[in-house]
Structure formats: structure tokens, C-alpha cells
Amino acid sequence: ADTDPQHYFTALIEADQKIEPRDWMPDAYRKTLIRQIAQHAHSEIIGMQPEGNWISRAPSLGRKAILLAKVQDEAGHGLYLYAAAETLGVTRDELVELLLTGRQKYSSIFNYPTLGWADVGAIGWLVDGAAIVNQVPLCRCSYGPYARAMIRVCKEESFHQRQGYEILHRLASGTPAQRAMAQDAVDRWWYPSLAMFGPPDTDSTHSQQSMAWKIKRFSNDDLRQRFVDMCVQQAGVLDLRLPDPDLRWNEQRQAYDYTQPDYAELMRVISGDGPCNRQRIDHRRRAHADGSWVREAAAAYTAKRQREDRP
Ligand code: ACO
């Protein structure tokens, strides 16, 4: 029998089977998964901030309860994903340290400000909508723990997307001032949402290898196109305009032609120079420091239980 671990790994990938934590895997596969899952986890955690900004100012008690639940879900997704990354041999402490010192990235989108209540709607519709388009294929990712985590995350993301869509729908069918708020939010969030899918395929460092390993199942540009096509329909129902004068159906491609986001801006935001990068990281550092007593208390409690020999 062929006992070469590299052959076994390749055969599993080819057969669309899952790689599990105890299986042999190439170092580069492990490394790219840690990078992607950690960046994903950090995005969920940092992503609590833009909307958290509106919890205390939500327009009704009902809206507040929904938003609170949504932001708590994001925290849950972050913890879930850190746990998935830990199966690859890193610790959560290491990953948190890499985030706080800026050595690992999080999604560009969370460096934009939430200026009004309608932004909460636009984030749900566009940002969570983009997240779903990107993450549903990750449910079929070749790494078992990541793929399984994505199933639950995607279910919750669909609820998030619906709640945003519903907020915009209410505003768009409200007074002229409410409609204007909704349109303004869509105008500001459209291009940053398109940029979430990453650089164009020609500039994407990892896509080719990640697709060969079936970590990514579609390229950045393919997913971006899928997202655009979906949004055009939904914007029609909302009766809101997508801020792209060149958006039009291309009969030949059976897809919409659209204006690309500003990739130079994406690179600036990724490298730390977006509208809110400083604020987001400062806030996270402060929250982490303020939470140290919780971690100490939890560790002391566990130590006590162990001394008393209780599970
Ligand atoms: N924001 C920040 N960094 C980005 C973004 C972005 N929108 N897009 C790409 N990058 C980074 C990549 O991490 C990579 O950086 P690195 O080499 O220093 O690690 C570099 O830009 C080049 O990009 P790619 O080679 O295309 O990177 P990759 O193959 O990892 O594709 C993608 C990027 C599509 C974001 C992929 O990592 C992915 O699908 N991640 C999982 C989903 C995710 O993280 N979502 C977070 C936002 S959604 C949410 O949390 C609600």
C-alpha cells in the first residue's frame, strides 16, 4: 500500500474528502489555513465595533434587542473560528497577540465608520450579504473544522442579512428623509463591500494555491460578480439605486457589467490607513486589557476545580 502521507493528502483533496486535525498536511497548507481562519476570526471580533456603535441609539427597544443579538452572534463566530484555528496548532493567545500588534489582518470593511442608523441596514444587507456569498462555498472547504464551523456561521449570517434588508426596506418606504438616509448609506457602503472580496484575481497572491487545495472554491472576482448580480435584483425590490452609472446587463456574459472598486484604496485600508483603523485597534486593545480580570478569574476557578479534583 502507498503510505506516503503527501500522496494520501492529495488523494483526500482530489476525492473531495475532508482533512482533519490529526491528518498529515503540508506546512504551507497549515500556514495558509491559520492565516485565513485567523483573519476571519479577527474580522468577526473587530466587526462588532461599527454596529456596536448603534446599540445604544437604536430607534426602538425591538431594534435594540435585534442588534444586540446580532453583535453577540459576531462574537460567537469569532470564538468559533479561533477554536477552528487552534486545531491547527496555534493558541488563541498567540492569535490575539498577532491581531493586537497588527501582524495579522482583519477585513478592510470594518475600517469604515457607521454615520447613521441606516448604516446598520446597509451593513446587514451589503456587508453580511457579501460575507454569505464568500462563506457559503467555505462550507465545502477541504479542512473539516473550518468547513463545519461555516455551516452555523452562514445560517446566522442569513438572519443578519435579512435584518439589514428589512431595516432598509422600512426606511426606503418611509418619509423622504428616511429614503434619503437609506440611499446615502447604500452609496457609502457599496464599493467597500465589493472590495471585501479581495484584490482582483490577477493580483491575488493566494487564490491559485488555495483553490488547488480546495480551501477556496471560487476566485475573488467570481464571487464579486455573483454578489453584484444578486444585489441588482434586491436593490430593485428596495427601490434604491446602486451608485454605479455603468451597471448594466451583459447579454453575452449573462451577468452585470459593473465598475470595479478602487483597489488602491483597498490596499491603503489593508495596510492600516483607512478611516477607522487606528480607532478599531485602540478600542480592541483597551477591551482586551479591561477584560484581563475575567481571564484571570476563569483561570483561578479552573485551577481550584482541578485542585478539588472536579471536572
Ligand atoms: N481585507 C483585508 N485583507 C484582505 C482583503 C480584505 N477585504 N482581501 C484580501 N486581503 C489580504 C489577504 O489576506 C492577503 O494578505 P496576506 O497575504 O498578507 O495574508 C492579501 O490581501 C492578498 O489577497 P488574496 O491573495 O486574494 O488572499 P486570500 O486568498 O486569503 O483571499 C479572502 C482573501 C477572499 C478575504 C479570503 O481570505 C477569505 O475568503 N477569507 C474568509 C472570509 C473572511 O475572512 N471574511 C471576513 C469578512 S466577513 C465578516 O466577518 C462578516
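The values are calculated or read from the model by the stated rules, or taken from the named source; none is laboratory data. Being a predicted model, the structure only gives us computed values, none of them experimental. Don't worry about glycine lacking a Cβ; one is built from the backbone with ideal geometry, like all the others, and counts go over all protein chains shown. Ligands, DNA and RNA are excluded from the accessible area calculation, which covers all protein heavy atoms including side chains. Shrake-Rupley method; radii C 1.70, N 1.55, O 1.52, S 1.80 Å.
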| remark: Residue hits (region 22-40; in contact (Cβ under 8 Å) with a residue 40 or more places away in the chain and either open to solvent by less than 50 Å² (accessible area, probe 1.4 Å) or more than 25 Å from the chain's Cα centre (by Cα) (or both)) are Y29, T32, L33, I34, Q36, I37, A38, H40
| Among (1) open to solvent by 10 Å² or more (accessible area, probe 1.4 Å); (2) within 12 Å of the ligand (Cβ to nearest atom), which single condition is Y146 missing? | (1)
| note | In the set F227, F218, the lone residue that is within 15 Å of the ligand (Cβ to nearest atom), touching a residue at least 60 places away in the same chain (Cβ under 8 Å), open to solvent by 20 Å² or more (accessible area, probe 1.4 Å) and among the hydrophobic types (A, V, I, L, M, F, W, C) is F218
| task | May I ask you to verify whether A118 is free of Cβ contacts under 8 Å to residues at least 12 places away in the same chain, under 22 Å from P59 (Cα atoms) and more than 16 Å from the ligand (Cβ to nearest atom)? | result | no
| message | Among the residues of region 41-50, are any hydroxyl-bearing (S, T, Y) and exposed (fewer than 14 other Cβ atoms within 10 Å of the Cβ)? | response | no
| request: Take region 177-212 and flag every residue that is part of a loop (DSSP other than H, G, I, E, B) and within 18 Å of H40 (Cα to Cα). | output: M196, F197, G198, P199, S204, T205, H206
| task | Return yes or no: is L240 farther than 26 Å from D16 by Cα, of a type in the set (A, V, I, L, M), crowded, with 17+ Cβ neighbours inside 10 Å and in contact (Cβ under 8 Å) with a residue 60 or more places away in the chain? | result | yes
| task | For residues that are small (G, A, S) and out of contact with any Gly (no Cβ under 9 Å at 6 or more places or on another chain), scanning just region 197-215, find the one that is nearest to the ligand (Cβ to nearest atom). | result | G198
| query | Scanning region 73-92 for residues that are more than 28 Å from R22 (Cβ to Cβ) and of a type in the set (D, E), which turns out most open to solvent (accessible area, probe 1.4 Å)? | reply | D73
| said: So in region 199-211, with the set limited to residues that are without any contact (Cβ under 8 Å) to a residue 40 or more places away in the chain and touching a helix residue (DSSP H, G or I) at 6+ places or on another chain (Cβ under 8 Å), which one is surrounded by the most Cβ atoms within 10 Å (Cβ to Cβ)? | reply: S207
| note | For region 93-104 the number of residues that are within 13 Å of the ligand (Cβ to nearest atom) and either free of Cβ contacts under 8 Å to residues at least 60 places away in the same chain or surrounded by fewer than 19 Cβ atoms within 10 Å (Cβ to Cβ) (or both) is 4
| note | Expected output for region 56-79 (first residue small (G, A, S), partner open to solvent by 70 Å² or more (accessible area, probe 1.4 Å), Cβ below 6 Å, 6+ apart or cross-chain) is A58/K64
